[in-house]
Amino acid sequence: MLSPVEEIKARIDIVELVQSYVKLQKAGVNYKANCPFHGERTPSFFVTPSRQIWHCFGCGLGGDIFKFIMQIEGLDFPEALKLLAGRAGVVVKREDPAIRSERNRLYDICEQAADIFEKTFTNSPAVKDYMRTRGVSEETIRVFHIGYAPESWDFLLKNLMHKGFSSEDIEKAGLAIKSSDGSGRHYDRFRSRIMFPITDINSRVIGFGGRAVPLPILPDVASTSPVPFGDSALTERNIGSGIAKYINTPQTLIYDKSRVLYGFDKAKQEVRVQNRVVVVEGYMDCVMSHQAGVVNTVAVSGTALTGQQLTMIKRLCNTIICSFDTDSAGESATKRSLALASQFEFERLVIRIPSGKDPADTVYENPDAWKKAVGEAKPVVEFYIEKIFRTEDPNTAAGKKAIGAVLLPLIAEIGNEVEKAHWINELAKRLGISEHVIIKELQRRRYSANNENTPFLPAQTSAPVRKVRTRRDLLEELYLSLLSNLNMEERLREAENKDIVFLSSDHEQLFRILTTVMSADVSPGGPELDTELLRFKSEIIAQESTTSPEQEFLLCKRELRKAQLKDRLQQLSADIQRIEKTGDRNVVTSLLQDFRTVSETLKSLSA
């Protein structure tokens, strides 16, 4: 009988899993991509379907499906096991809630809360009628698991406590607030609100957005609730009475709004296929856009895009299409998002919303109009050229200055020099001035910016900080990879090589395995996966090389030996300087002789 780990591996294909995070390209029998764990322009991240492993030849990370999930999600093994078990439909024996990890408890609480809100919505005819008036279909409500939090101080709290969760953990999940009266009691954070579950890339519920209901809602849920939820008398709640239209889950151990995009788990496949993502401002905008057939839509929940969110998107596509509300806050968020997106080298487009409404209203009035607006999205500079030239006169000095103030920062953000030259030429023609004047002003602005701000560096994933890999580290790995591809007789001969000294104990162990007759029978728990990765790397090298594996091996062996000799010379030089201070001439003489011997050896290898 297969263990849960073996069964999960049998059911989940590594290519399909990695593609849910990274845009892969076919490379012979394998797949490649830019590594999601370190910045790079040339793909060095490979996935092999035959071995069901992945490896980055740039940063050195690699492994199986569990290693990938642990690395990209920042999880420990039990958490990765639970996530992949759910994806594979494998039942893993549930542990006692008291000994569950805190993160897993919060995931469980959020999942249970989403289920309670969804059932409450189903039993709330007035709320269903309200969503119907907003044009939201029953199918959309089902797909997005939209729910309802009734007007009660402890409805959710009592239901979750009935399921075995503590009020303290419910508070940690962001669903309860501790009373400030010193009583130690808790009450529900969300009351009388339409509930939008916020999920991560793997569709796990991690938080909620709650929209106030602008109606007197009287849900009939008491009879179906497993625990009485307190006050049954409900008061009229009106958005105009000072109640916030939306409230969201606060920062928790599993929810960080800067790292989450609403709807991303449902949009990711279409984003990859179309190589473009549509970014809107709110939950309803995203929900209605999906309903209209624009499935590659995500929402930022009322803020500008962050570096972490753009990193997620960049793994799947190269084009970002922005649509934010047309008020001043929405305009500002759009500009900040587009400015940041330029640093990730996205093609940036902007949607002009018909009638100046938000996406949800546009879809409600005419779904085809929204689809048309998305299809006709314009490059960011072109969009703002059309916008500013409708309000400013390019024939006056004041008009030229106002136009430049809007457009020059947008042109300066463009990374591609050919595209930038196009818009410089276009603006010069429209303003009737020399391109040289625009270029000079761009240079002046760049100088000011460099003296005022620190350029943003695209954020990486939450993976732990790793030791910087030296050239010798990489050469050792390459040497072992090429060695793994030689026949056993050649490997046994290499076992006699005393010149190669490994910096890494892991590399030393792999060398012994590869140069031992019994290397094919690696014991359970041994570095079996590491030898697989080495052979995988050797295949990639052979695929892209014009020389034989034997020649590649000899070249690498020589370069590794040279790197080791250079390191030895540095160490000897440091030792000589240190010993000279003690006055021990005999030791210094011996070290100098060693230095000359190593130098001669290095010289002969470099000839």
- Pair list, Cβ under 7 Å, 6 or more apart: region 301-319 residue over 26 Å from ARG211 (Cβ atoms) and open to solvent by 30 Å² or more (accessible area, probe 1.4 Å), other residue in a loop (DSSP other than H, G, I, E, B) and among the hydroxyl-bearing types (Ser, Thr, Tyr): ARG315/TYR21
- Going through region 272-284 one residue at a time, which ones are assigned to a helix (DSSP H, G or I) and crowded, with 24+ Cβ neighbours inside 10 Å? TYR283, MET284
- Message: GLN564 - would you say it is within 18 Å of ARG471 (Cβ to Cβ), at pLDDT 85 or above and not basic (Lys, Arg)?
- Response: yes
- Query: If a residue has to be open to solvent by less than 50 Å² (accessible area, probe 1.4 Å), at pLDDT 90 or above and not in a strand (DSSP E or B) to count, how many in region 50-80 make the cut?
  - Reply: 5
- Query: Can you pull out the residues in region 285-309 that are under 17 Å from LYS371 (Cβ atoms) and outside any loop (DSSP other than H, G, I, E, B)?
  - Reply: ASP285, CYS286, VAL287, MET288, SER289, HIS290, GLN291, THR297, VAL298
- Query: For the subset of region 96-117 comprising residues that are modelled with pLDDT of 90 or more and open to solvent by 50 Å² or more (accessible area, probe 1.4 Å), which member is nearest to SER167 (Cα to Cα)?
  - Reply: GLN112
- Please indicate, with yes or no, whether at least one residue in region 325-335 is farther than 25 Å from THR249 by Cα and at pLDDT 90 or above. no
- Number of the condition not met by ARG41 [criteria: (1) of a type outside the set (Asp, Glu); (2) closer than 30 Å to ARG472 by Cβ; (3) outside any helix (DSSP H, G or I); (4) touching a helix residue (DSSP H, G or I) at 6+ places or on another chain (Cβ under 6 Å)]: (4)
- Going through region 145-159 one residue at a time, which ones are open to solvent by less than 10 Å² (accessible area, probe 1.4 Å) and in a loop (DSSP other than H, G, I, E, B)? ILE146, PRO150, SER152
- Note on the structure: Expected single match for open to solvent by less than 40 Å² (accessible area, probe 1.4 Å) and either free of Cβ contacts under 8 Å to residues at least 24 places away in the same chain or in contact with a strand residue (DSSP E or B) (Cβ under 8 Å, 6 or more places away or on another chain) (or both) among SER20, SER44 is SER44
- Message: When the residues of region 105-151 are narrowed to those that are out of contact with any Lys or Arg (no Cβ under 7 Å at 6 or more places or on another chain) and among the hydroxyl-bearing types (Ser, Thr, Tyr), which ends up farthest from TYR262 (Cα to Cα)?
- Response: SER124
- Residue pairs qualifying under the 8 Å Cβ cut-off, at least six apart or on distinct chains, with the first in region 117-138 being touching a residue at least 40 places away in the same chain (Cβ under 8 Å) and the second being of a type in the set (Asp, Glu), are ASN123/ASP220; SER124/ASP220; PRO125/ASP220
- Take the residues in region 169-205 that are over 20 Å from LYS119 (Cβ atoms) and part of a strand (DSSP E or B), then tell me which one is most open to solvent (accessible area, probe 1.4 Å). LYS178
- Please name all residue pairs, on different chains or six or more residues apart, with Cβ atoms under 7 Å, provided the first residue is in region 161-190 and is without any contact (Cβ under 8 Å) to a residue 40 or more places away in the chain and the second residue is surrounded by fewer than 13 Cβ atoms within 10 Å (Cβ to Cβ) and not basic (Lys, Arg). ARG185/SER179; HIS186/SER179; TYR187/SER179
- Task: Would you tally the residues in region 343-373 being closer than 16 Å to VAL277 by Cβ and either surrounded by fewer than 21 Cβ atoms within 10 Å (Cβ to Cβ) or in contact with a His (Cβ under 7 Å, 6 or more places away or on another chain) (or both)?
- Result: 5
- Report whether or not LYS32 is in contact with a Phe, Trp or Tyr (Cβ under 6 Å, 6 or more places away or on another chain), within 20 Å of MET312 (Cβ to Cβ) and either open to solvent by 40 Å² or more (accessible area, probe 1.4 Å) or in a loop (DSSP other than H, G, I, E, B) (or both). yes
- Query: Does region 50-61 contain at least one residue that is among the polar types (S, T, N, Q) and either touching a strand residue (DSSP E or B) at 6+ places or on another chain (Cβ under 7 Å) or closer than 22 Å to GLN309 by Cα (or both)?
  - Reply: no
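The values are calculated or read from the model by the stated rules, or taken from the named source; none is laboratory data. Treat the numbers as computed from the prediction; the structure is a model and nothing was measured. Glycine also receives a Cβ, built like all others from the backbone with ideal geometry; neighbour counts cover every protein chain displayed. SASA here: full protein model, heavy atoms, side chains in, ligands and nucleic acids out. Shrake-Rupley method; radii C 1.70, N 1.55, O 1.52, S 1.80 Å.
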